[in-house]
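Presented below is the structure to which this report refers.
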Amino acid sequence: MAKKLPLEGIRIADFTWVWAGPYCTLQLAHLGAEVIRIETRTRPCVTRMLPPWPDGKFSGPDCSGYFNQYNQGKKSITLNFKYPEAHEVARRLIKVSDVVINNFAAGVMERMGFGYSEVRKLKPDIVMVSLTGYGDTGPYRDYVAYGPAQVPLSGLSSLTGYKGWPPMHAGFSYADPNAGAHGAMAVLMALYHRARTGEGQYVEMSQWECAIDVLAEGTLEYAMNGREPERNGNRDPLMAPHGNFKCLDWPDKIADQVVDRWISIVCADDAEWGRLAHAIGRPELANDPRFKTLAARKANEDELEAIITSWTSTRDPASAVEHLQKAGVAAGVVADARYLSQDPNLTARGYFVYKQHPEVGVKQHCGIPWRMSATPCEVRSAAPTIGQHTDEVLMGTLGYSRAELEELKKKHALD
Amino acid sequence: MAGALSDLKIVELGELVSAPYASKLMADMGAEVIKIERPGIGDRSRKRGPFPGGQPHPEKSGLFLYLNTNKLGVTLDVATPEGFGLLERLVADADIFIHNLNPPEMERVGLTYERLARLNPRLIMTSITPWGLTGPYRDWRAEELTVWAAGGVCVLNGAGPEHPELPPLKTFGHQSGYQGGVHAAVATMGALMARLRDGEGQHVEVSEQETIASMLEMTFEYWPYMKMVATRLGAKPIQPVETMEAKDGYIYICCIEDHQWDRLVEVMGNPEWAKEEIFADRFKRAANWDALKVFLGEYVRQQTVLGLYKAAQAKRIPLAPVSTMGDLLNSEHLKARGFFVEITQPVAGTHKYPGAPLKYEKTPWQIRRPAPTLGQHNEEIFGARLGLDTARLGELRKKGII
């Protein structure tokens, strides 16, 4: 008999949108929870409207690769909260759910009539998670939080950058998935507590605080010494070389652009430096006084990096990495999406997901970053089209009759 | 009041960030965590700092102290048969064993799930590795940067199209480690939920490379959907979404929607230049960013970070300061929420640490004890708990096993 998934039987009323919240409920879907997205056609999730779209052509709210990545394995119902009937549907869903989760700004769920005090009346042992940008309390609780701005707000930008340059971004809205992962953990811990005691609870989270939790080395420098850490590119105080090194460009262009390629190389100690020196055909450098010790390599790091670049710059990244790893050096391709899509390791491990989607067909999507021996997790389906499961959930789970359902649709309560 | 995980016993064999962060997240919710370190050397994070006064000291590393608060600490050389035997005794009555040995180290030590599960079939063993326990790279070396780059994130960050000579840029700190850790906590908690139902433990493995690849926003899908590749050299389709210099620091100007820009123009006092056709919508502002950054830059340079931030937020424009560490420690918002917490550790002294990532209504996030000094709880765990007598402890110490 096939093993059940870890969270089989757990139902999540998912009010989340954009990225942080959907990333959270994606982890729970990966673990087997029934995640029911509450959406509306009157204002589709932001990510449903954003690119990438198949061949660059927008064809409506079901074609976005962004949405389709972070909503795999979930269900979608549409409710138009202009109508009291839609509120009734949501109330009936909450009554049969284990978790309610949202990442709206503070106060939005209360105004919709789904604040915790209301929700717990519907389901006394509910776990309710609110994952806002700034948290439910504090003077900035009503501030607007957008993904890209949360990275500089968090403090990561002021720590990240080339030496002597202004602060840089992380290149993506990192605080969102970071908060989403912490949120999934918060849900699971609250479910564990409920399983032991029968007691549900409210969990309040701030995306900002979740992000500060992963840059503690930075805040501690200030807390201990009143000093701002200096931005220092890719370098590391205890390892050298430690950086990304240029290789040959992709042999073909993409959209008329040359695409460059890089590999990362790190030597954690003198022995690894010795292995690197041999691997790049410069064994005499292993014991060269300019490079022999960490202190020497740090003192001559520009020269060190130039020597390594002169080796990498004429090489294909994958074969250069293969060569260095065989010699016992920590190296890896600085993977772009094209490389990643065929990464031999990810491919061999069966990481990627190929599920049939009614609008976009079969597209390659990223999968689950863990494996379990007794209860193997899998992505059960492609992301839902908008409202794909309205009929199924209302009739199958919530006990609406076909006639009632049609009546609600006629009134536009299920738009 | 007890934490949500107060009935759990966890044994951690962790270095640097990933496994220590996973078990910290659970320790802060009440789980008992016994951390195992190498005798005499300890966790690598003890060397990384930051240190008070900038003076390296194995008991004063901020990173170590942060990641290992709330844990008990023992030293044990698990690569020796006697050491492994003690590890087996520790995990025999544990709920979770979490480690980040890589596959070659696991082989050297003889660590397999089957071996530990024989003693404790309810044990959940979580292995966090850079590349996974299977696949052609399983035995490859990796450090933080290696995985961040190989997971597909590093390629996205850098100086932009004007500076192709500058490399893809690492994000500060140990982000692969933290993400490996928090995703491992998620997967481990999932396995724990399965155990509540099925009664049996299992082996959970988390690949850091896969963890990073699972958080690439929309950038990965550009390839399968449109055969396009996002890199640090790409021009932004929408502006302004940029870090800009203000009078007293940097601020992030973020107008993704046209209506946000319209309101920012009001905040700026409706300057003439903003009426130019070349700045009429977000795409035109991106195409003409060269010009816009001059006008906008001149305005921003005359503002204070906090002043412009608050004025913009009052009109619901999602600007944000480029927070310095000082800004975070002194933030009126974070202070009001009680985010940073003071922890006293006898050797390192009292410092402020980042606090709870979540606030539970009923089961608190709590600091119960500071991070352990190296081998601090050897007597308590090996002596009082496992019943080794003083002579035996002395012998193990002499052999360098504890």
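None of the figures in this text is laboratory data; all of them are computed from the coordinates on show. Computed from a predicted structure; not experimentally measured. Quick reminder, even Gly has a Cβ in these numbers, built from the backbone with ideal geometry, and neighbours come from all protein chains shown.
Which entries in the list A:Lys355/A:Lys409; A:Lys298/B:Lys399; A:Lys163/B:Lys315 go over 31 Å, if you measure between the two C-alpha atoms of each? Mind showing how you got there, number by number?
On the way: A:Lys355/A:Lys409 29 Å; A:Lys298/B:Lys399 36 Å; A:Lys163/B:Lys315 35 Å.
Beyond 31 Å between Cα atoms: A:Lys298/B:Lys399; A:Lys163/B:Lys315.
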Fill in the blank from the handout: Farthest towards the positive end of the dipole of the protein assembly as shown, among B:Leu296, A:Ile12, B:Thr75 and with Cβ unit charges of +1 on Lys and Arg and -1 on Asp and Glu, lies the Cα of A:Ile12
Completion exercise
Expected vector for segment B:329-344, Karplus 3J(HN,Hα) from phi with 6.51, -1.76, 1.60 and θ = phi - 60°, integer Hz, x for Gly and Pro, equals 5, 9, 4, 5, 5, 5, 5, 4, 8, x, 5, 6, 10, 8, 10, 9
Handout entry: Along principal axes, Cα extents of segment A:71-151, largest first, whole Å
Key = 36, 30, 26
Exercise for the section: Just the number, please: percent antiparallel of the DSSP beta bridges in the protein assembly as shown, rounded to the nearest 5. Expected result: 45
Completion exercise
Most exposed to least, judged by fewest other Cβ atoms within 10 Å, A:Cys63, B:Cys254, B:Cys154 sort to A:Cys63, B:Cys254, B:Cys154
Fill in the blank from the handout: The lysines whose Cα lies under 19 Å from the Cα of B:Lys35, excluding any fewer than 8 residues away in the same chain, are B:Lys9, B:Lys24, B:Lys47, B:Lys60, B:Lys71
Fill in the blank from the handout: Shielding of A:254-261 by other chains, given as the mean Cβ count within 10 Å, works out to 4
Completion exercise
For segment B:159-258, averaging the sequence separation of alpha carbon pairs under 8 Å that lie six or more residues apart and dividing by its residue count, the contact order in percent is 27
Completion exercise
Using alpha carbon centers only, segment B:176-229 is separated from segment B:266-310 by a whole-angstrom value of 40
Completion exercise
A convex hull over the alpha carbons of chain B yields, per residue, a volume in Å³ of 185
Practice task
Take every residue in peptide B:16-26, count the Cβ atoms of other chains within 10 Å of its Cβ, and give the average of those counts.
Solution key: 1
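Going by how many other Cβ atoms sit within 10 Å of their own, how do B:Lys362, B:Lys398, B:Lys71, B:Lys335 line up, fewest first?
Numbers: B:Lys362 16, B:Lys398 9, B:Lys71 26, B:Lys335 13.
By the 10 Å Cβ count, ascending, the order reads B:Lys398, B:Lys335, B:Lys362, B:Lys71.
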Exercise for the section: Starting from the Cα of B:Lys247, draw a straight line to each of the aspartates and glutamates and keep only those under 14 Å, dropping any in the same chain fewer than 8 residues away. Expected result: B:Glu298
Fill in the blank from the handout: Here the tail fraction of P(r) beyond 45 Å, over all Cα-Cα pairs of the protein assembly as shown, rounds in percent to 22
Fill in the blank from the handout: Per-residue ellipticity at 222 nm attributable to helices in chain A (runs of n ≥ 4 DSSP H, -39500 (n - 2.57) apiece, nearest 500 deg cm²/dmol) works out to -10000 deg cm²/dmol
Problem - Within chain B, helix-based [θ] at 222 nm, where runs of 4 or more DSSP H residues each add -39,500 (n - 2.57), nearest 500 - result: -10000 deg cm²/dmol
Handout entry: C-alpha center-to-center spacing [segment B:322-339, segment A:315-331] in angstrom
Key = 43
Problem - Residues with amide H under 5 Å from that of B:Asp43, placed H, sequence gap 5 or more - result: B:Arg38
Practice task
Using only the Cα atoms of segment B:10-104, each taken as one equal point scatterer with no solvent, compute I(q) by the Debye sum, divide by I(0), and report log10 of the ratio at q = 0.12 Å⁻¹.
Solution key: -0.37
Handout entry: Per residue Cα convex hull volume in Å³ - calculated over segment A:319-369
Key = 94
Practice task
Return the whole-Å distance between the Cα centroid of segment B:346-374 and the Cα centroid of segment A:245-285.
Solution key: 41
Handout entry: Charge dipole (debye, nearest 20) of chain B; +1 at Cβ of Lys and Arg, -1 at Cβ of Asp and Glu
Key = 760
Problem - Farthest toward positive dipole pole in chain A [+1 Lys/Arg, -1 Asp/Glu at C-beta], among A:Ile263, A:Asn300, A:His242 - result: A:Ile263
Practice task
Report Rg(Cα)/(2.2 N^0.38 Å) for segment B:241-324, keeping two decimals.
Solution key: 0.99
Problem - Within chain A: Cβ-based charge dipole about Cα centre, in debye rounded to nearest 20 (Lys, Arg +1; Asp, Glu -1) - result: 980
Completion exercise
In a Gaussian network model of chain B with springs linking alpha carbons closer than 10 Å, the residue among B:Gly307, B:Gly173, B:Gly85 that fluctuates most is B:Gly307
Problem - Estimated vicinal HN-Hα couplings, Hz - segment A:200-213 in sequence order (Karplus 6.51, -1.76, 1.60; Gly, Pro = x) - result: x, 6, 9, 10, 10, 9, 10, 4, 4, 5, 4, 6, 5, 4
Practice task
Would you please give the residues with an amide H less than 5 Å from that of B:Thr69, counting only those at least 5 places away or on a separate chain, with H modeled from the backbone geometry?
Solution key: B:Ala371
Fill in the blank from the handout: Toy charge model, Lys and Arg Cβ at +1, Asp and Glu Cβ at -1: segment B:88-166 dipole around Cα centroid in debye, rounded to 20, equals 440
Handout entry: segment A:317-410: mean projected area of Cα convex hull, nm²
Key = 9.9
Exercise for the section: Report, ordered by chain and residue number, the lysines lying within cross-link reach of A:Lys411, taken as a straight Cα distance under 25 Å and ignoring same-chain residues fewer than 8 apart. Expected result: A:Lys75, A:Lys82, A:Lys95
Practice task
Determine ³J(HN,Hα), in whole Hz, for all residues of segment B:291-299 in sequence, where each value follows from phi through the Karplus function 6.51 cos²θ - 1.76 cosθ + 1.60 and θ = phi - 60°; x replaces Gly and Pro.
Solution key: 6, 4, 5, 6, 5, 5, x, 5, 5
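Evaluate Rg over Rh across segment A:242-337, taking Cα atoms for both radii and Kirkwood's formula for Rh. Before the final figure, lay out the partial values.
On the way: Rg = 13.9 Å, Rh = 13.7 Å.
When Rh is taken as the Kirkwood radius, the ratio is 1.01.
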Exercise for the section: Take chain A, drop everything but the C-alpha atoms, weight them equally and run the Debye formula without solvent; then report log10 I(q)/I(0) at 0.10 Å⁻¹ to two decimals. Expected result: -0.83
Handout entry: Hull shadow area, averaged, segment A:147-187 [alpha-carbon convex hull, nm²]
Key = 3.0
Completion exercise
Counting other chain Cβ atoms within 10 Å of each Cβ in B:200-209 and taking the mean gives 5
Exercise for the section: Using Cα pairs closer than 8 Å and at least 6 residues apart in sequence, work out the relative contact order for chain A, in percent. Expected result: 20
Problem - Cβ-based net charge around B:Arg46, under 9 Å, with every Lys or Arg adding one and every Asp or Glu removing one - result: +1
